[in-house]
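The values are calculated or read from the model by the stated rules, or taken from the named source; none is laboratory data. None of these values were measured; they are calculated from a predicted model. Positions of Cβ are generated from backbone atoms using ideal geometry, with glycine treated the same way; all protein chains shown enter the neighbour counts. These accessible areas exclude ligands, DNA and RNA; they are computed on the full protein's heavy atoms, side chains included. Shrake-Rupley method; radii C 1.70, N 1.55, O 1.52, S 1.80 Å.
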Protein chains: 2
Amino acid sequence: MSNTLHTPPGPGGPELLDLTIDNITPNTILINSQSSNARLKYVLARLVTHLHDFARETRLSTDEWMAAITFLIACGQICSDVRNEFILLSDVLGLSLLVDNINHPKPQGSTEGSVLGPFHTHDAPTLENGATMTSDPEGEPMLAICSVKDTKGKPVAGVKVDIWETDSSGHYDVQHSDRGEPSERCVMETDAEGRFWFKAIKPVSYPIPHDGPVGKLLMMLGRHCWRPAHVHFMFGKEGWDRLTTALYLRGDPYETSDAVFGVKKSLIIDLDRVDAATANEYGVKEGTWLLKQDFVLTTEQETADLRDQLAADALKKLGLNLKLVDHLPVPDVD
Amino acid sequence: MSNTLHTPPGPGGPELLDLTIDNITPNTILINSQSSNARLKYVLARLVTHLHDFARETRLSTDEWMAAITFLIACGQICSDVRNEFILLSDVLGLSLLVDNINHPKPQGSTEGSVLGPFHTHDAPTLENGATMTSDPEGEPMLAICSVKDTKGKPVAGVKVDIWETDSSGHYDVQHSDRGEPSERCVMETDAEGRFWFKAIKPVSYPIPHDGPVGKLLMMLGRHCWRPAHVHFMFGKEGWDRLTTALYLRGDPYETSDAVFGVKKSLIIDLDRVDAATANEYGVKEGTWLLKQDFVLTTEQETADLRDQLAADALKKLGLNLKLVDHLPVPDVD
């Protein structure tokens with residue numbers, strides 16, 4: 001333990017005595033404002049304000065407070081290397097969608113984002129174009145032929161593309177307790193013409209994990225836990241805004257009621273069938289499901305400019321006296 | 001999995017498509033409003049509103065969001081039967097103090113409450129009046145002579161009193177990995193005259209557990225992690241409002257900077273020294289530290305009435321159109 005921990009604060013700080021419903025918030029913010037990190041101070045001040053206002057507006061009972069503590073512990077304890085219950089909680093509360101929208105606003109004409117979800121991993125194998133990324137013999141084979149372009153229609157080569165989907169039973173590989181090698185996931189790279197293509201299976205709708213505290217919460221709220229069929233994609237290349245998105249199959253029964261709010265009209269696609277010529281070219285059977293999609297990336301600069309502009313507009317509308325430092329709001333005290 | 005989970009919602013619910021920064025909040029609230037539990041709906045609506053407003057006002061970055069997810073997981077995973085990091089988090093953010101104040105308002109003349117903290121256990125031995133509740137030979141012996149009365153000064157018999165404090169090294173028994181029997185904690189009962197008395201040690205100031213994520217947060221915020229010396233008390237008897245409180249020693253270096261905001265002027269006490277007559281009566285050495293305190297309890301009815309009145313006043317002041325059902329606010333839609 002460092003010596004500073006032993007040293008009581010000198011005079012000048014707030015006197016933390018006789019704190020009440022009415023004065024606890026400014027005093028907590030004051031004692032949290034001793035660091036020199038303006039962003040940390042601002043984020044904590046807003047967090048404490050909202051947390052306290054929530055308790056005051058609901059007159060949160062001691063039993064409800066303890067239920068929340070118990071719920072949060074259960075979320076933390078069910079987490080593992082392959083399960084993230086807090087991302088799931090953020091997803092079902094709409095926070096993930098919101099944070100993605102704030103950070104990755106998409107200029108007209110570029111591909112919209114969708115939620116990352118809790119099932120992306122970092123151990124997916126890097127595969128050559130044309131490879132098969134599934135080991136599920138029960139799935140309906142699907143060929144995907146895709147491209148990546150910039151907003152002017154120029155192909156973008158050398159983009160790392162993370163792709164992941166469930167198996168035909170609606171489970172990601174990490175949800176199987178006997179998971180060996182990664183399956184239904186891979187990393188590819190776009191070629192000189194910005195293309196990438198792979199063999200997968202037709203995605204199916206599936207329930208998000210509902211055997212944990214988040215599933216119990218959805219049940220209490222009378223919400224179902226299903227996501228419409230989709231394939232996840234994540235695109236990364238230096239200088240380009242990271243795009244986390246997914247493509248959704250039109251006509252899925254959960255198309256307009258996704259448990260995690262991820263569906264956008266522009267991301268709903270129709271599958272086609274592979275014709276004879278394509279079958280021959282890509283080495284698949286004629287009549288195989290075909291997913292064709294052109295993704296459009298924006299540069300980091302385009303996104304940063306748009307994000308800054310939207311942030312400035314929003315904060316002005318909220319009447320908050322803030323300035324952007326490193327693209328993030330802090331109080332404007334100058 | 002029940003069948004209802006498989007059934008997509010019928011028409012009439014919100015269409016969850018193309019959700020944005022501006023429409024995610026009302027749509028999340030709408031999809032969360034399908035249960036018949038008015039209180040649950042209201043609490044969730046306020047939670048989602050504050051969570052989303054927090055993200056919008058801070059333009060929360062993806063990295064900050066992920067840091068929060070990682071922090072919450074770490075809090076959950078360090079929790080055990082004898083450690084509750086989320087209560088600690090609630091304590092250092094001022095939420096515990098606030099929730100206690102909302103739920104246990106104290107009429108003039110009754111003993112004020114203080115934070116429960118994360119170290120109360122349910123395995124403390126029940127001891128007879130006069131017993132020793134410590135096994136620490138290093139502590140400075142202290143005799144405590146206390147009484148419990150109602151607001152009219154009448155003794156209250158048969159009150160269960162939970163008492164706990166740290167050992168002389170500033171650790172609760174549960175913080176020792178080799179903990180055997182409970183120590184420095186006990187449960188007593190007030191006698192026919194409302195009295196209880198026991199042998200303990202003079203409390204010392206101590207740091208809250210700072211080897212976990214909450215400790216790291218305090219460090220980042222430039223806050224110390226110390227609590228002033230105190231003894232915890234919790235009083236329970238049917239028909240009486242549960243009182244969770246603590247007595248703090250005057251002159252402690254952390255008297256006005258308690259890391260968890262628990263200190264109230266009315267709970268700061270001076271220790272005395274046992275005189276010859278008292279030493280003889282209670283079987284301790286003359287000059288032993290002496291804690292004398294009269295606690296004043298309120299009835300459940302007194303507290304409920306005051307709580308309801310304060311809640312109604314506060315909600316009116318906030319301009320929220322609410323009514324109290326089972327003492328808790330829900331929207332007044334009639």
Listed residues A:161, A:92, A:43, most fluctuating in chain A (Gaussian network, C-alpha, under 10 Å): A:43
Average accessible surface area per residue within chain A, 1.4 Å rolling probe, Å²: 44
Between beta-carbons, use under 15 Å as the cut-off and find the net charge around residue B:28, counting Lys and Arg +1, Asp and Glu -1. -3
Rounded to whole Hz, the Karplus (6.51, -1.76, 1.60) HN-Hα couplings of region A:128-145, x for glycine and proline: 6, 3, x, 6, 9, 9, 10, 10, 9, x, 7, x, 7, x, 9, 9, 10, 10
Mind listing which GluC sites (Glu not before Pro) in region A:73-134 are in a DSSP loop and have 14 or fewer other Cβ atoms within 10 Å? A:128
When each copy gets a label point 7 Å from Cα toward the beta-carbon at residue A:266, what are the spacings between them in nm, shortest first? 6.0
Note: B vs A interface, total accessible area buried (1.4 Å probe; ligands, DNA, RNA excluded), nearest 100 Å², is 9000
Between residue B:128 and the same site in the other copies, what are the distances in nm, shortest first, taking label points 7 Å from Cα along the C-beta direction? 8.7
Based on alpha-carbon positions alone, could you give the equivalent ellipsoid semi-axes of region A:129-234 from the gyration tensor, as √(5λ), descending, whole Å? 30, 17, 12
Among the lysines, which have Cα under 27 Å from the Cα of residue A:285 when same-chain residues fewer than 8 positions away are ignored? A:199, A:202
From the phi of every residue in region A:50-62, what ³J(HN,Hα) in whole Hz does the Karplus formula 6.51 cos²θ - 1.76 cosθ + 1.60 yield, where θ is phi - 60° and glycine or proline is x? 5, 4, 6, 4, 4, 5, 5, 5, 9, 6, 3, 7, 4
Taking springs between alpha-carbon atoms closer than 10 angstrom, which of B:211, B:100, B:252 fluctuates most in the Gaussian network model of chain B? B:211
Any idea what angle helix B:300-317 forms with the longest principal axis of chain B, computed on alpha-carbon atoms, 0 to 90 degrees, nearest 10? 40
Long-range amide H contacts for residue B:322: which residues qualify at under 5 Å (H placed 1.01 Å from N, peptide plane, sequence gap of 5 or more or a different chain)? B:332
Where a label projected 7 Å from the Cα of residue A:154 along Cα→Cβ would reach, residues of region A:206-247 with amide N under 14 Å: A:240
Calculated FRET value between residue A:265 and residue A:121, using beta carbons and R₀ = 22 Å, to 0.05: 0.15
Sequence-distant or interchain residues sharing an amide H contact under 5 Å with residue A:243, placed H: which? A:235
For residue B:325, place a label point 7 Å out from Cα along the Cα→Cβ vector, do the same in each other copy, and report the separations in nm, one decimal, smallest first. 4.7
If you count, for every residue in B:255-264, the Cβ atoms of partner chains within 10 Å of its Cβ, what is the mean? 5
Chain B to chain A by rotation: the residue of B with the beta carbon nearest the axis and the rounded distance in Å are B:76, 0
Ignore the peptide's own chain and count Cβ atoms of other chains within 10 Å of each Cβ in B:301-307; give me the average, rounded. 0
Quick one: which residues, 5+ away or cross-chain, put their amide H under 5 Å from the amide H of residue B:268? H built at 1.01 Å from N. B:248
Phi-based couplings in Hz for region A:318-333 (Karplus 6.51, -1.76, 1.60; Gly and Pro marked x): 6, x, 8, 7, 10, 10, 8, 10, 6, 6, 10, x, 9, x, 8, 9
Can you list the lysines whose alpha carbon is less than 16 Å from that of residue A:264, not counting same-chain residues fewer than 8 positions off? A:106
So the FRET efficiency between residue A:169 and residue A:37, C-beta based with R0 = 56 Å and rounded to 0.05, is 0.75
Which three semi-axes in whole Å describe the equivalent ellipsoid of the protein assembly as shown, each the square root of 5 times a Cα gyration tensor eigenvalue, listed largest first? 56, 25, 25
Simple label model, 7 Å out from Cα along Cβ direction - residue A:327 to residue A:193, nm: 3.3
Averaged over every viewing direction, what's the projected area of the C-alpha convex hull for chain B? Give it in nm², one decimal, please. 22.4
